[in-house]
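To start, the structure under review is shown below, and the notes come after it.
What follows draws every value from the coordinates through simple rules; no lab data is involved. Values in this document were obtained by computation on a predicted structure and should not be read as measured data. Cβ placement follows ideal geometry from the backbone for every residue including glycine, while neighbour counts extend to all protein chains displayed.
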């Protein structure tokens, strides 16, 4: 009951936290200046987290108050804790929702394909079996069939960041003059790629890559290397 | 050179201004409290507007400074005129860009099909010929072929407003506590449907419909009826 715990899907090495949604919550917690215990779990552990009732991560346990869904976690942290606002200014919740929707519909589907082989290979065997079955259900395709499309998706992926590039050419942060949860959402999405692939997604001159590094530095997140 | 003029595509009746992008500019001008002269044009008139150089509307002539593109017009009005801000708070430009992208990619393509027959029928014959050729180029289909898909698209259209409905369930305005250009963009998009169809798109209880009426009332826009 004491502190704050965040449950996070993790590679078999216990080190590489790869879930984009967990990363959104990690940045939100850091943004609020909160100490927390990051607890790595496997797919098999999820039904047992915090007594059950969750089927995905992140799960936040805030001194006994348990909740899932990264956006819900951000709203809870904003309401329950002082510290810098996650939604600094009018319309910031709407902005964050739109960024989330944009990531979910435009960026995540190709990223799912791009990283599929590396995600699979970083898991322990029981998680690999779970992951294979889940991909088959969601995409109607095997890990190997999806992996065969990876290079094609990767070649076109930078174009899909056009909207974010346009925004980040005109301002330092997605949320505007200061970072907010809208930044955390995009960061989580791209960090998922970075953790899985261990390499930058974009050239160093790309405004999105420059923002990604700025965001990592701001929240003291070491950049993953392969 | 005296005042402000806004050039707007108009039905053959000279009354029904149907372009979603022009409506964005109309609301932005009203938001800033600016007087302006709304100048109806046909497709055939566009190459002659303000001495030429434009191939679409809106075109704004602000005391001799001429520019197109509704977002560019909003940025110009914000920079050049006092009055209430079109981007009230941090991140509001980013929010407006995301709403624009959402409208352009999720809402406008089905709306183009839903309203195609009524748009065509409200034009004068030269504009009809222009419109037919433009639809054929863009969709590879005739007005009649597109119109045959109209009812199917209309049946599913309310679902496509899910994101905006979620936002407008939690707050009165897309931009947050007060209306801004993010609202004008969505209004323009739905007003395009309203002007063409002369009837509400959604049920009176729908939070998006309630916002649409609130927005029309706020800017003193009479609601079109068929």
Legend entry - 7 Å along Cα→Cβ, label-point gaps from residue B:130 to other copies, nm, shortest first: 6.0
Inset, instruction - Between copies, how far apart are the residue A:13 label points? List them in nm, one decimal, shortest first, with each point 7 Å from Cα toward Cβ, please? - result: 6.8
Inset, instruction - Name the most mobile residue of A:147, A:50, A:90, meaning the one with the largest mean-square fluctuation, in a Gaussian network model of chain A with Cα contacts below 10 Å. - result: A:90
Inset, instruction - For residue A:178 and residue A:155, calculate 0.36 nm times their separation in residues minus their Cα-Cα distance, and state this gained length in nm to one decimal. - result: 5.1 nm
Legend entry - Choice from B:157, B:187, B:139 with maximal GNM fluctuation in chain B (Cα, 10 Å cutoff): B:139
Legend entry - Contact order relative to length of segment B:4-80, as percent, for alpha carbon pairs under 8 angstrom and 6 or more apart: 37
Legend entry - Ranking of B:24, A:32 by count of other Cβ atoms within 10 Å, fewest first: A:32, B:24
Legend entry - Computed over segment B:92-218: relative contact order in percent, which uses C-alpha pairs under 8 Å that are six or more apart: 32
Legend entry - Position residue B:72, label points 7 Å along Cα→Cβ, spacing to each other copy in nm (shortest first, one decimal): 4.5
Inset, instruction - Would you work out the relative contact order for chain A, in percent, from Cα pairs under 8 angstrom that are 6 or more residues apart? - result: 24
Inset, instruction - May I ask you to derive the FRET efficiency for residue A:145 and residue B:55 from their Cβ-Cβ distance with R0 = 51 Å, giving the value to the nearest 0.05? - result: 0.70
Inset, instruction - Taking only Cα atoms and a 10 Å spring cutoff, compute GNM fluctuations for chain A and point out the largest among A:209, A:177, A:145. - result: A:177
Legend entry - Full-stretch length increase - residue A:171, residue A:82 - with 0.36 nm per residue and alpha-carbon distance subtracted: 29.4 nm
Inset, instruction - Return the calculated 222 nm mean residue ellipticity for chain B, to the nearest 500 deg cm²/dmol, obtained by summing -39500 (n - 2.57) across DSSP H runs with n ≥ 4 and dividing by the residue count. - result: -15500 deg cm²/dmol
Inset, instruction - Give the calculated FRET efficiency between residue A:37 and residue A:217 to the nearest 0.05, with a Förster radius of 22 Å applied to their Cβ-Cβ distance. - result: 0.40
